[in-house]
Amino acid sequence: GNSVTQMEGPVTLSEEAFLTINCTYTATGYPSLFWYVQYPGEGLQLLLKATKADDKGSNKGFEATYRKETTSFHLEKGSVQVSDSAVYFCALSRTGAGSYQLTFGKGTKLSVIP
Amino acid sequence: DGGITQSPKYLFRKEGQNVTLSCEQNLNHDAMYWYRQDPGQGLRLIYYSQIVNDFQKGDIAEGYSVSREKKESFPLTVTSAQKNPTAFYLCASSTGKAGGEKLFFGSGTQLSVL
């Protein structure tokens with residue numbers, strides 16, 4: 001079956017540090033890959049996505065590249081800010097009878113300190 | 001503003017009681033979903049609905065029930081058969097069409113057992 005594995009947190013970084021959150025997946029077929037972000041007390045928001053191998057998703061300074069050969073979709077940001085503190089979820093899509101549902105990783109909590 | 005509204009934000013359940021969580025969307029989306037979030041467990045799919053008057057079980061449907069009588073509404077009932085209901089519940093919607101894997105989430109309901 002489909003599954004997503006993320007690096008365990010929490011991750012604590014100083015402001016302006018480089019961020020990497022690792023994500024690997026197991027899936028049949030060719031899934032789309034996503035990063036969602038959850039700020040405290042809120043629902044999830046889509047951060048970026050990639051729909052095929054070698055695609056790079058990017059948004060708000062975050063990037064992730066769909067690597068089919070290593071089944072990975074690692075999230076990176078060159079210089080984090082305090083406002084980036086949140087929980088980040090890697091996810092992949094699966095199809096089921098015409099609908100699209102996501103399989104989520106367990107989430108990685110990021111704390112950025114001034 | 002278009003979006004998804006979940007209510008209440010906090011809910012308490014007594015032993016043996018059924019409780020219903022509300023989810024309303026005005027995005028004109030066909031598909032709606034309920035996820036359960038436990039600390040360190042990521043999100044798990046409870047039920048989903050692709051169209052009005054139709055819904056399917058997700059990965060952890062036991063102890064839950066749903067209805068989809070209107071396109072904009074997808075209430076979730078946590079029954080007394082759910083022995084461990086304490087969790088953060090998230091409702092989401094999507095267009096349900098090809099390429100529509102982007103989920104829009106509500107801000108969640110925290111359910112606790114008294």
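The values are calculated or read from the model by the stated rules, or taken from the named source; none is laboratory data. Since this is a predicted model, take the numbers as computed values, not measurements. Counting neighbours? That spans all protein chains shown, and the Cβs are built from the backbone with ideal geometry, glycine included. Protein only, heavy atoms only, side chains kept; ligands, DNA and RNA dropped before computing areas. Shrake-Rupley method; radii C 1.70, N 1.55, O 1.52, S 1.80 Å.
Here chain B is treated as a sphere whose radius is the Kirkwood value from Cα pairs; by Stokes-Einstein at 10 °C and 1.306 mPa s it diffuses with a coefficient of 113 µm²/s. Can you compute log10 of I(q)/I(0) for the stretch A:34-82 with the Debye formula, treating each Cα as one identical point scatterer, at q = 0.19, 0.23, 0.32 Å⁻¹? Summing over Cα pairs of the stretch A:34-82 leads to -0.64, -0.85, -1.20. Remark: for residue pairs B:Lys9/B:Lys71; A:Lys49/B:Lys102; A:Lys60/A:Lys106; A:Lys56/B:Lys97; A:Lys52/B:Lys97; A:Lys49/A:Lys77, the C-alpha separation exceeds 20 Å in B:Lys9/B:Lys71; A:Lys60/A:Lys106; A:Lys56/B:Lys97.
Under a Cβ-Cβ cut-off of 14 Å, what is the net charge of the residues other than B:Asp54 that fall near it, where Lys and Arg count +1 and Asp and Glu count -1? It works out to a net charge of +2. Over all Cα atoms in the protein assembly as shown, the spread is summed up by Rg and Dmax: 17.6, 52 Å.
When the chain is fully extended, how far beyond the present Cα-Cα distance does B:Ser112 get from B:Asn26, taking 0.36 nm per residue of separation? Present the calculation step by step, with values, prior to reporting the outcome.
On the way: separation 86, 0.36 × 86 = 30.96 nm, distance 2.78 nm.
Full-extension gain reported as 28.2 nm.
Distant-in-sequence amide contacts of A:Ser85, defined by a placed amide H-H separation under 5 Å and a gap of 5 or more residues or a different chain, comprise A:Val112. 7 Å from Cα along Cα→Cβ at both B:Ser73 and A:Ser83: what's the point-to-point distance in nm? Distance between label points: 3.8 nm. Chain A packed on chain B takes about 1800 Å² of accessible surface away from a 1.4 Å probe, both sides summed. Neighbours of B:Phe74, meaning other residues whose beta-carbon lies under 15 angstrom from its beta-carbon, give a summed charge of 0 when Lys and Arg score +1 and Asp and Glu score -1.
Charge tally for B:Ser94 (other residues, Cβ to Cβ under 11 Å; Lys, Arg +1; Asp, Glu -1): 0. Over all pairs of different C-alpha atoms in the stretch B:1-42, the reciprocal of the mean inverse distance, the Kirkwood hydrodynamic radius, equals 12.9 Å.
Rounded to the nearest Å, what's the spacing between the alpha carbon centres of the stretch B:35-66 and the stretch A:1-65? Just the number, please. The two parts, judged by their Cα centres, are 22 Å apart. Each listed q (0.10, 0.16, 0.21 Å⁻¹) maps to a log10 I(q)/I(0) for the stretch A:1-106 from the Debye sum over equal C-alpha point scatterers, namely -0.27, -0.68, -1.13. When chain B is treated as a GNM with alpha-carbon contacts under 10 Å, the residue of B:Gln17, B:Gln41, B:Gln56 showing the greatest mean-square fluctuation is B:Gln41. Per residue of peptide B:103-113, the mean number of Cβ atoms on other chains within 10 Å of the residue Cβ is 3. Across the protein chains, with a 1.4 Å probe defining accessible surface, the residues B:Ser112, A:Ser58 rank A:Ser58, B:Ser112 from largest area downward.
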